[in-house]
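Trainee: Next up is a structure, given as structure tokens.
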Amino acid sequence: MRDKSEVLRLLENPGVIAVIRTRNAAQALGVCEALVKGGVIALEITMTVPGAIQAIREASQRFGTQALVGVGTVLDAQTCRQAIDAGAEFVVSPITAPEVARAANERGRPVMLGACTPTEAQTAHLAGADFIKLFPAEAFGPGYIKSLKAPLPHLKIVPTGGVDLDTIESFFRAGCSAVGVGSSLVQPKLVDSGDWGALSALAQKFTSLALSFRTGSAKPA
């Protein structure tokens, strides 16, 4: 397993974290394979997936050398530890949960805690969060992130919700370290139909946009 510094580096490059919510574990594994083929290497399997821990274990075994398999929607320390034991290389919570940060830090895994307000974001940071998950980002937008980072430039913000092909660049321009992408990438209609080729093509579009910003062909405002 990679060390924490390597995982942190890979999460920000190219900076597209796929949020995987599916009807079952088999679908989650199919999604992971399609996303990796499309160049998305950060795979956040959420605990809302039935059999999520086993899905994380299998995904880690199958794709661990090509991608980062993480766990999302973690609400307590016990779940955090179970997912890490199954192979999760990063941990994401939608809430400001210090106990989750402590559990992840004890195991040397990067952790992202959810926040909306400046107080929540700074509280998450002080609790040991490596990233702040701004959720739901569609309720705030890139302008809010830019304002948030003005007095709190040390925060590494990852918006989730409202990130799509049309908005991804504006979120990066606002100073985000990465973006969490859910249904605009892992589209239910593609998953339910098993159209993995279309999902891989969509993943490639997201990856290309992120890489164009990272390599400087798209410059910050």
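Coordinate-derived values only; no laboratory data. Keep in mind the model is a prediction, meaning the values are calculated, not measured. Every residue, glycine among them, receives a Cβ derived from its backbone with ideal geometry; neighbour counts consider all protein chains shown.
Trainee: Find the lysine pairs in the chain meeting two conditions, Cα atoms under 29 Å apart and a separation of 8 or more places or different chains, and report how many there are.
Mentor: Count of close lysine pairs: 27.
Trainee: Let me ask something else about it. Using a Gaussian network for the chain with springs between C-alpha atoms less than 10 Å apart, which of these wobbles most: G72, G180, G143?
Mentor: Ranking G72, G180, G143 by mean-square fluctuation puts G143 first.
Trainee: Let me ask you something else. Decide, for the stretch 21-133, between rounded, prolate and oblate: order the square roots of the alpha carbon gyration tensor eigenvalues as a ≥ b ≥ c, take rounded if a/c falls under 1.5, and otherwise choose prolate if a/b is larger than b/c, else oblate.
Mentor: Values: a/c = 1.94, a/b = 1.80, b/c = 1.08.
In terms of gyration-tensor shape, prolate.
Trainee: Oh, and also: Going by average Cβ density within 10 Å per residue, which order do the peptides 147-155, 110-118, 46-54 take, highest to lowest? Spell out each step's value before the answer.
Mentor: Working: 147-155: 13.6, 110-118: 22.1, 46-54: 17.9.
Order by mean packing, descending: 110-118, 46-54, 147-155.
Trainee: Rounded, prolate or oblate: which fits the chain when a ≥ b ≥ c are the square roots of the eigenvalues of the alpha-carbon gyration tensor, with rounded for a/c under 1.5 and prolate only if a/b beats b/c? Kindly include the intermediate steps, with their values, before the conclusion.
Mentor: Values: a/c = 1.62, a/b = 1.10, b/c = 1.47.
Verdict is oblate for the chain.
Trainee: Also: Where Lys and Arg each count +1 and Asp and Glu each count -1, what net charge lies around D164 among other residues with Cβ under 12 Å from its Cβ?
Mentor: Values: positive: K205; negative: E138, D166, E169.
Charge balance in the 12 Å sphere: -2.
Trainee: Same structure, new question: Taking the Cα centre of the chain as origin and charging only Cβ (+1 Lys, Arg; -1 Asp, Glu), how large is the dipole, in debye to the nearest 20? Let's see the in-between values first.
Mentor: Values: 21 positive and 19 negative charges, 69 e Å.
Approximately 340 debye in magnitude.
Trainee: Let a ≥ b ≥ c be the square roots of the eigenvalues of the Cα gyration tensor of the stretch 89-160; is it rounded (a/c under 1.5), or, if not, prolate (a/b larger than b/c) or oblate?
Mentor: On the way: a/c = 2.17, a/b = 1.77, b/c = 1.23.
Here the stretch 89-160 falls in the prolate category.
Trainee: Would you tally the net charge around D130, using a Cβ to Cβ cut-off of less than 11 Å, leaving D130 out, and scoring K and R as +1, D and E as -1? Don't jump to the answer; show the numbers that get you there.
Mentor: On the way: positive: K4, R109, K133, K156; negative: E12.
Its environment carries a net charge of +3.
Trainee: In addition: Using Cα-Cα distances under 8 Å and only pairs 6 or more residues apart, what relative contact order does the stretch 4-214 have, in percent? Write down the numbers at each step before the final one.
Mentor: On the way: 446 pairs, mean separation 47.1, N = 211.
Relative contact order here is 22 percent.
Trainee: Grab the other residues whose beta carbon is less than 11 angstrom from that of G175, score K and R as +1, D and E as -1, and report the net.
Mentor: Summing Lys/Arg as +1 and Asp/Glu as -1 gives +4.
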